[in-house]
Amino acid sequence: MNNNETNTEQIILEAAEAEFLEKGYSNSKTVDIAQRAGVSHSMLHYYYRTKEQLFQKIFKEKVQAFTQIFGVIFEQNADFTETLRLMIETQFKFVAKNPQLPLFVIREVLSNKENREWAIKTLAPQILPFLSNIEKMLTAEISKGTVRPIAIHNLLMNILSMNISTFIALPVLKENVLFNSDEMLENFLNERCESNVQFILNALRP
């Protein structure tokens, strides 16, 4: 594949990603993706024969990108408090770079059994070892009395719900006059990330 073909394929992928994130799979059309990419409909089908094929590539890339954040946290070899901070911050910042991703994943995973099974199969090998280590660290801290008793799944749900809810609400927040500039929005997200970290850490104190 030459450079021109590589560039064309990348342009199509970017257009498809934008279309799927905005509209979801069922409401997206290949003709709209082609128009958005500035290519002919036949050119799009030259690279991706079906909408399903194109969607699966985008969906799988997004799920795989999410799994990579756990490797980054693993490499730090930090104590429990710092690992938890890294976990909250890394997830928050990843979603901040992909603000439409939570609704996209929720919508497509809930509506499509194949996507749900694939996502679980892909995420499990990456997440389960990490969660096992986090649970061991949590259990050790509880035993020492530095952290109040809490089940690992409840801790994870607290983190997920706090981080993701920010971005589910973001479209409404961005229309508010309080966020009428990119700088103000960036400041809000930075403050919100730190607020989430502190809320979780404070909630764990005995």
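The values are calculated or read from the model by the stated rules, or taken from the named source; none is laboratory data. None of the values given here were measured: they were computed from a predicted structure. Cβ: placed from backbone, ideal geometry, glycine included. Neighbour counts: every protein chain shown.
Some notes on this structure:
- At least 1 residues being among the basic types (Lys, Arg) is the threshold, and among the helices (runs of 4 or more DSSP H) wholly inside the range 115-206 those reaching it are 170-175, 182-203.
- Selection within the range 31-56 - under 19 Å from SER111 (Cβ atoms) and part of a helix (DSSP H, G or I): LYS51, GLU52, GLN53, LEU54, PHE55, GLN56
- Residues of the range 184-206 satisfying the condition of being modelled with pLDDT of 85 or more and either farther than 23 Å from ARG148 by Cα or within 17 Å of the chain's Cα centre (by Cα) (or both): GLU186, ASN187, PHE188, LEU189, ASN190, GLU191, ARG192, CYS193, ASN196
- Single residue of ASN77, ASN27 found to be of a type outside the set (D, E, K, R), more than 21 Å from the chain's Cα centre (by Cα), surrounded by fewer than 14 Cβ atoms within 10 Å (Cβ to Cβ) and within 22 Å of ILE200 (Cα to Cα): ASN77
- Count of the range 140-149 residues which are loosely packed, with under 14 Cβ neighbours inside 10 Å and either closer than 26 Å to ARG107 by Cβ or without any contact (Cβ under 8 Å) to a residue 60 or more places away in the chain (or both): 4
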